[in-house]
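Report on the following structure.
Derivation of every value follows stated rules applied to the coordinates shown; laboratory data play no part. All of these numbers come straight from a predicted model, not from anything done at the bench. Virtual Cβ from ideal backbone geometry, glycine too; neighbours counted across all protein chains shown.
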Amino acid sequence: MTEDDGNHACARCGRAFTCGMLAGAQRCWCADSPPVAPRAGAGCYCPECLRLVAAEQAAEALKRV
């Protein structure tokens, strides 16, 4: 897989997915997902892991209030 064609391996699970922006789309699918705080050394997440990471971060934020 190369980043030239938009193909990535998920930083969390290793599953293959396509980045819409790098694949030439006007907008990537991730733009419609909840934002997540970047993690040092982590790349992009697949759709399923992005949802899970967003939920984990939201739960952590609620614990702090």
Per-residue [θ]222 nm for the chain (sum of -39500 (n - 2.57) over DSSP H runs n ≥ 4, rounded to 500): -9000 deg cm²/dmol
For the range 1-42, just say rounded, prolate or oblate: build the C-alpha gyration tensor, square-root its eigenvalues into a ≥ b ≥ c, call rounded for a/c under 1.5, and beyond that prolate if a/b exceeds b/c, oblate if not. oblate
Assign unit charges at the C-beta atoms only (+1 for Lys and Arg, -1 for Asp and Glu), then state the dipole size of the chain relative to its Cα centre in Debye, rounded to the nearest 20. 320
In the Gaussian network model of the chain, springs joining C-alpha atoms below 10 Å, which of Ala55, Ala23, Ala42 carries the largest mean-square fluctuation? Ala42
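Provide Leu62, Leu52 in ascending order of the number of other Cβ atoms located within 10 Å of each residue's Cβ, fewest first.
Leu62, Leu52
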Which one of Ala31, Leu62, Leu50 is farthest out on the positive end of the charge dipole of the chain, using unit charges on Cβ (Lys, Arg +1; Asp, Glu -1) and the Cα centre as origin? Leu62
